[in-house]
Each structure stands twice: as structure tokens, then as C-alpha cells.
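Since the structure comes first, as C-alpha cells, the remarks are kept for the end.
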Amino acid sequence: MALPRGPSWEVLDDFERFSQVDDVFNRAFWDPEIATEAARRFFGSYREQLTEWRTASGFGQRDYAIRNAAWHVVDVFAEMHDGDDLRDGFLSPLTQLRDGPEEQFDMGPPEEASATVKQVAGVFGADLIGICANDDRWLYSERYARHADEGRPLNLGEGLDNVIVIGQAMDHDLVDTVPSALSGAATGLGYSKDVLVLMATAQWLRNLGYRAVPSLNDSALAIPLAIQAGLGEYGRHGLVITPEFGPRVRFGKIFTDAPLHPDSPISFGVTEFCESCRRCTEACPPGAITGGSPTSVKLNRSAIGGVRKWTTDGEKCFSYWTQIVSDCMICIRVCPYNKDFSKWHNRLGRRLAATRLRRVMAWLHDRLGYGRRLRPRDWWTGSTSRRT
């Protein structure tokens, strides 16, 4: 169950499991250093229409309207059990599922069962599907109960030995309008689509007699699970870079006792490329992304301890989100892997990035204008950042 050992991610002997209480978004509800008026305004903007609209392009009423509409589906599930101090998909697993039969359907050998899982999840809309063993290092040491303002046991259950990791690609053009409220629609839509895929796939497994617990941002760290499931490599900006969509992906997971065969971690040159690339570091407004080598230094309590990796300062990152009253994905927009890889020339560039000619790929990325912001008002008139 080991992650690829190397310069971008290495688990050390002093590793500490992460508490969801210390997630920077949760600290915005209990930690005076993070729970500022700006943070309250940020969260409130997803529920209530702002009375004052920013004059900057991409932060008008129609931009916030589409962002909040994209979040609506996942928000409906998140708020179903709010009175029980649960928040489905964010502070606790998704729960709107039916029980299945006691007898388990024979899915065949693990390799065959895994292929069937990927076929079904793909039909339900998953863009990426990988499988790994359940690694308790990445389970939260406790979940956060927001109303009680305390940590509580996960209660995920025993015997869920496998994890199905689902990836949803975010809309390329929306991402390229960042920073803007408009770009936040890509994030919300990714989560809302994830809910459909996770719940439908989990219910299918339950209908076959297996246990299946669908999870969005709750219960465990998605990034190391996605890496273990062979969906991508770890990048300097702290995100998984996939061969198909670069870092433009949202991940969910399903914990199950179905007998599955795990995928293997992959390597396609990301670590070597990120060692020389600093575009995300240089573009980050609050300076939250390291420009140095991987380190095990824990920047603050919202960082995981005991892992040597490139580390993003979550406090600085979230502070900028509260300033612009929307989420930020500038690091994704400027990443040279943020391309449409259905195009042959972008696939060629991806191959160059894995060779000693990686600097040529980086130069071409800049020379051809990739990573530039698509003006939100141009998006509204139908313009696109994608190239033929």
C-alpha cells in the first residue's frame, strides 16, 4: 500500500494521521485566527445573494448565480442531516442509500470484479476510476461535528478493505476564468456530478450484497488515495496531476468490502517536471505554494505531519479565497498540464514533459499562450480558451 517513494512524496517514521477538526475550512468555524468576518462572508455568499456585487469582471450577480447553482445538488445532500450534526459528503459520508440483500452476488475473480466496477462507474458518469487498498494512514483520526464543535469517531466500519476512487474533470473554460466567482461553478459542478456517480455506484454494490460507503471530502484524504489508485502523480501545487486532465479533477471515493484488485501507482514525468517548473508558485497571489524542495516541515495545524512533500500553506490559500469571496484555482489554470489531451499536440507536449526536453514543453506552453486567463465576460458570449 506504499505510495511511490521519491522526491515528491515520502511518508516518514513520525507520520501523524490528520484530524478533520484541523482542516482549514473547519477552523473557519472555531479558530479565531481563521474564523474572521471575511470567512463568514465567504461561506455566506454560497447561501445568500450578496447585497453588494464587486465591479471586477467575473464577480457580478450572474457569476455568483451560476456558481451557487452548480453547488446546489451537492448542497441539498450536505444539508439533509444538518440537525444531527452531520454534513453528508463533507463532514460525514453520503447516507441516502438503501440496504441490499444479505447474500452477495459472485462478481468473479478480483480482476474481473474491478473491471466490472469501472464499467459501471463509467456508465454512471465517472471520468476516472481507480482502485486501491484501504490505507488507514489516510483516514481522518476523527471527524468534525460542527454544531457541537468537537471531534468525534469516524465510525466508518470494519472490513471495508478496498477503495474505489472516482475522478470528475472540471470544465476547462470555467477553470480558465479564475480568479472569478464564475470559475467556482467548475468546482461546484464537479462535486455535484460526483454525488451522482458515488451514490449510484455505491447503491449498485449494495444491491449486489456488498457494503459500500460513498465519500466526498469526508472520512479520508483523497489525494494520497488517488495516487495509490494509479490516477496520477503529486504536483508542486499539492494536487494530483492526471494524464487525462492534468490537475483539473475533483476526487471522491467509495469504501467497500467487495473483493477487488488494486491498481498500481503511475509515473509519467510529473515529479521531474515540477522540480524545474515554478509557474504555480509564481502565480499564487498569497504566496501559498512552495518554490523550494519537498519538505516535512509542518507549516501550521492544517498541514499533515510526517510526510516529506511539496506543501501548500492552507492558511494563506484560504485567506485569499475570503478576500475574493470565491474559491481560487489560479494554480490549476497556469499549470502546464492543464490542457485538453484529446488533442494530439497536447499529448505530444505531455510526452516531452517526461523527457529531458521538458523545458521545451514549458517554453512552448508560455509561447503559445496557455495558462492565460479567459475573461469572464468573454465566456458569457461563448468564447473558449481551448485550441483546435
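Select from region 269-292 the residues that are under 20 Å from the mean Cα position of the chain (by Cα) and within 28 Å of Ile129 (Cβ to Cβ) and list them in ascending order. The answer is Val270, Thr271, Cys274, Cys280. For Gly157, the criteria (1) modelled with pLDDT of 95 or more; (2) small (Gly, Ala, Ser); (3) surrounded by fewer than 24 Cβ atoms within 10 Å (Cβ to Cβ) hold in every case but one, which is (1). Residues in region 373-386 that are in contact with a Leu (Cβ under 9 Å, 6 or more places away or on another chain) and either within 20 Å of Ile241 (Cβ to Cβ) or of a type in the set (Phe, Trp, Tyr) (or both): Trp379, Trp380, Ser385.
Once region 94-115 is narrowed to residues that are under 10 Å from Ala258 (Cβ atoms) and touching a helix residue (DSSP H, G or I) at 6+ places or on another chain (Cβ under 9 Å), the residue that is surrounded by the fewest Cβ atoms within 10 Å (Cβ to Cβ) is Phe105. Among the residues of region 344-372, those that are within 13 Å of Pro243 (Cα to Cα), under 24 Å from the mean Cα position of the chain (by Cα) and among the charged types (D, E, K, R) comprise Arg347, Arg350. On the basis of being of a type in the set (S, T, N, Q) and in contact with a Lys or Arg (Cβ under 8 Å, 6 or more places away or on another chain), does Thr177 make the cut? Yes.
Within region 268-289, the presence of at least one residue that is at pLDDT below 95, among the polar types (S, T, N, Q) and closer than 27 Å to Leu352 by Cβ is confirmed.
Within region 203-218, being assigned to a loop (DSSP other than H, G, I, E, B) and surrounded by 23 or more Cβ atoms within 10 Å (Cβ to Cβ) holds for Leu216, Asp218. Taking His172, is it out of contact with any Cys (no Cβ under 9 Å at 6 or more places or on another chain), modelled with pLDDT under 95 and surrounded by fewer than 23 Cβ atoms within 10 Å (Cβ to Cβ)? Here the answer is no, as His172 does not meet what is asked. Keeping to region 130-145, report how many residues are surrounded by fewer than 23 Cβ atoms within 10 Å (Cβ to Cβ) and not in a helix (DSSP H, G or I). The qualifying residues number 8. Applying a threshold of 8 Å to beta carbon distances and a minimum spacing of six or more residues, or different chains, the list of pairs starting in region 228-242 at a residue that is surrounded by fewer than 24 Cβ atoms within 10 Å (Cβ to Cβ) and among the polar types (S, T, N, Q) and ending at one that is assigned to a strand (DSSP E or B) and modelled with pLDDT of 95 or more is empty.
Could you check, for region 160-169, whether at least one of its residues is in a loop (DSSP other than H, G, I, E, B), more than 20 Å from Phe15 (Cβ to Cβ) and either aromatic (Phe, Trp, Tyr) or over 17 Å from the mean Cα position of the chain (by Cα) (or both)? Taking every residue of region 160-169 in turn, at least one turns out to be in a loop (DSSP other than H, G, I, E, B), more than 20 Å from Phe15 (Cβ to Cβ) and either aromatic (Phe, Trp, Tyr) or over 17 Å from the mean Cα position of the chain (by Cα) (or both). Looking only at residues of region 31-40 that are in a helix (DSSP H, G or I) and either of a type in the set (A, V, I, L, M, F, W, C) or touching a helix residue (DSSP H, G or I) at 6+ places or on another chain (Cβ under 7 Å) (or both), we find that the one that is surrounded by the most Cβ atoms within 10 Å (Cβ to Cβ) is Ala39. Just so you know, in region 333-343 the residues that are free of Cβ contacts under 8 Å to residues at least 60 places away in the same chain and under 23 Å from the mean Cα position of the chain (by Cα) include one that is surrounded by the fewest Cβ atoms within 10 Å (Cβ to Cβ), and it is Ser342.
The combined condition, being crowded, with 20+ Cβ neighbours inside 10 Å and more than 20 Å from Glu315 (Cα to Cα), is not fulfilled by Ile266. Number of residues in region 220-260 that are acidic (Asp, Glu) and over 16 Å from Ala169 (Cα atoms) equals 1.
To keep it simple, each residue is scored yes or no on (1) assigned to a helix (DSSP H, G or I); (2) surrounded by fewer than 24 Cβ atoms within 10 Å (Cβ to Cβ).
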| residue | (1), (2) |
| --- | --- |
| Phe251 | no, no |
| Pro262 | no, yes |
| Thr271 | yes, yes |
| Glu282 | yes, yes |
| Pro285 | no, yes |
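Put simply, of Gly306, Gly314 the only residue that is farther than 19 Å from Gly232 by Cα and in contact with a Leu (Cβ under 7 Å, 6 or more places away or on another chain) is Gly306.
The values are calculated or read from the model by the stated rules, or taken from the named source; none is laboratory data. These figures come from a predicted structure and were not determined experimentally. Positions of Cβ are generated from backbone atoms using ideal geometry, with glycine treated the same way; all protein chains shown enter the neighbour counts.
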